[in-house]
Amino acid sequence: MKKIYLIVLLSVVVLGVFLALENLQNRTVSLDSAEVREYQGEDLSSVNDFRENSIKGPQYVDINSYQLQITGLVQNPVNYTYAEAKNFTTYRKVVKLDCVEGWSVNILWEGVLVSELINKAGPLPQTNTIIFHAVDGYTTSFPLDYVKNNQIILAYKMNNATIPPERGYPFQLVAESKWGYKWIKWVDEIELSDDPNYKGYWESRGYSNSGNLSEYFLG
């Protein structure tokens, strides 16, 4: 009888351990890799090396209701969820951001091509400008050719980790060869336009509309 009792007790313990492990597995959440500070022999800045200079402070987006809209001069306007936008081919590259305030950061960016996001909507022939909108009301614009010819990405990772809210989660534009004010954060709309003279937040306040690093940023 004692032997049978021990066998039953052992069976109960084993079953309990199995159920506990299964329950633990169901609660397991995959996390992004830690931030990397070197990529292919190139030193990277930290995600903490940025200065806070947004117009309304960091934005905290509810990703469950978030949508990335493709609007304007398109055949079929598109609304992407965060997961749908990330489901395009992933691209990564190291690009330096230079701010007009005098600081810079060298970051490994990872994201999707803007050109692929808008192609699904079917840009109309008269489109020549792309206007980016952010959840805080910030806007900036670029010639369509710049976005297409330079493989411009909308990034959701930096240094191998998800972009934090302070840096622009869920998406920041990697506007390479442009001053930092063109690197719009918290992007929630990409509008196709035929207005090459459109001026965004800082551009309407006297900053260069082109934003080229090779040129002075004022006027």
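With all protein chains in place and a 1.4 Å probe, the accessible surface of the stretch 111-169 carries 47 percent carbon and sulfur. The stretch between Asp195 and Asn119 holds 25.5 nm of extra length on full extension. This uses 0.36 nm per residue minus the Cα-Cα distance. The gain in end-to-end length when the Ser46 to Leu218 segment is fully stretched comes to 59.1 nm, 0.36 nm per residue minus the alpha carbon separation. For Lys178, the residues whose amide H sits under 5 Å from its own are Leu213, ignoring neighbours fewer than 5 places away on the same chain, with H placed 1.01 Å from N. Length available on full extension from Ser65 to Glu166: 0.36 nm per residue minus the Cα-Cα distance, which gives 34.5 nm. What percentage of the solvent-accessible surface of the stretch 29-98, computed with a 1.4 Å probe over protein heavy atoms, is contributed by carbon and sulfur atoms? Result for the stretch 29-98: 42 percent of the exposed heavy-atom area is carbon or sulfur. For Phe171, the solvent-accessible surface with a 1.4 Å probe is about 0 Å², rounded to the nearest 10. With N the number of residues in the stretch 90-219, Rg(Cα) / (2.2 N^0.38 Å) evaluates to 0.99.
The separation of the stretch 151-168 from the stretch 99-126, counted between C-alpha centres, amounts to 11 Å. Taking amide H as placed 1.01 Å from N in the peptide plane, the amide H of Asp188 sits under 5 Å from that of His133, Ala134, Val135, each at least 5 places away or on another chain. Ordered from longest to shortest, the equivalent ellipsoid semi-axes for the stretch 54-107 are 27, 17, 14 Å, each the square root of 5 times a Cα gyration tensor eigenvalue. Residues whose amide H falls under 5 Å from that of Tyr207, counting only those 5 or more places apart or on a different chain, are Gly219, with hydrogens built in the peptide plane.
The values are calculated or read from the model by the stated rules, or taken from the named source; none is laboratory data. Fair warning: this is a prediction, and the values are worked out from it, not measured in the lab. The area values use the complete protein model at the heavy-atom level, side chains included, leaving out ligands, DNA and RNA. Shrake-Rupley method; radii C 1.70, N 1.55, O 1.52, S 1.80 Å.
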